[in-house]
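Input: a single structure, listed below in structure tokens.
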Amino acid sequence: MTTIGLIGAGHIGSQIARQAIAHGYDVVVSNSRGPETLADLVAELGDHARPATAAEAAGAADIAVVTIPFLAIDKVPVEPLNGKAVIDTNNYYWERDGHIAELDDLSETSSAKLQQHLPDAHVVKAFNHIFASAITDEAQDAGTPDRRALAIFGDDAAANATVAAFIDAIGFDTVDGGPLSESWRIQRDTPAYGPRLTAEELRKALASATK
């Protein structure tokens, strides 16, 4: 049984957990406030979910999901994630996170920053351009006509494939947008950020993004 370890249990994290449980995955959930605060969510998710600390969730994960505000990425456990695929759902919002010059001018990406923090993990950008509710509301079986697609960006082909397979299993096509350095194409204020797009539409939207 594949285990999804969630570092963060907010809107996006809890929805990914629900979809993962519904499709046969085990889930270990953590947040910044402690496992005892996750009792209601874990009770809802059922027997295939358990609460944990961030380090425990990272250690248990076959696939990890970092779904916390950008300013908190330096608190993500490092060693337990070595060698693992790590999904980064985060967006940089200067209004919340404060101005960071290299992110403002798009010379670097927020996911690349997480990769720098996790040098021996394999960060894959995903889920940052979909509303949380759509993760459950818009999921469809593979092969459904006009199925919604999600973009992924990452520097490791094997990790990208692992994340794409997970996303497919829980209800969405994927479009590989390239390395983390190109993940600005799916950040806020780009054509692909937000709307429901098929794989073909998403490829066109990513290609049309400009710095």
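Every read-out reported here was derived from the displayed coordinates using simple, explicitly stated rules and does not represent laboratory data. Since the model is a prediction, treat every value here as computed from it, not as a measurement. Backbone-built Cβ (ideal geometry, glycine too); neighbour counts: all protein chains shown.
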Could you give the length gained on full extension between Ala207 and Met1, defined as 0.36 nm per residue of separation minus the Cα-Cα distance, in nm? 70.5 nm
1/(1 + (r/R0)^6) with r = Cβ-Cβ of Arg96 and Ser133, R0 = 35 Å, i.e. FRET efficiency to nearest 0.05, evaluates to 0.95
Of all alpha-carbon pairs in the stretch 3-208, indicate the percentage at a distance above 28 angstrom. 21 percent
Could you tell me the center-to-center distance, by alpha carbons, between the stretch 61-119 and the stretch 154-211 in angstrom? 17 Å
Proxy exposure order for Ser110, Ser32 (fewest C-beta within 10 Å first) is Ser32, Ser110
Highest first, please rank the peptides 66-73, 79-86 by the mean number of other Cβ atoms sitting within 10 Å of their residues. 66-73, 79-86
Kirkwood Rh over alpha-carbon pairs of the stretch 111-196 plugged into Stokes-Einstein at 20 °C, 1.002 mPa s gives a D in µm²/s of 161 µm²/s
So, R0 is 30 Å and r is the distance between the beta-carbons of Ala22 and Arg188; what FRET efficiency does that work out to, to 0.05? 0.55
Spatially proximal lysines relative to Lys125 (Cα-Cα < 16 Å; intrachain offsets below 8 disregarded): Lys84, Lys113
Enumerate the aspartates and glutamates that Lys75 could reach by cross-link, defined here as Cα to Cα under 18 Å, with residues fewer than 8 away along the same chain left out. Glu56, Asp88, Asp97, Asp120
Estimated dipole of the chain in Debye, rounded to 20 [Cβ of Lys and Arg +1, of Asp and Glu -1, Cα centre]: 220 debye
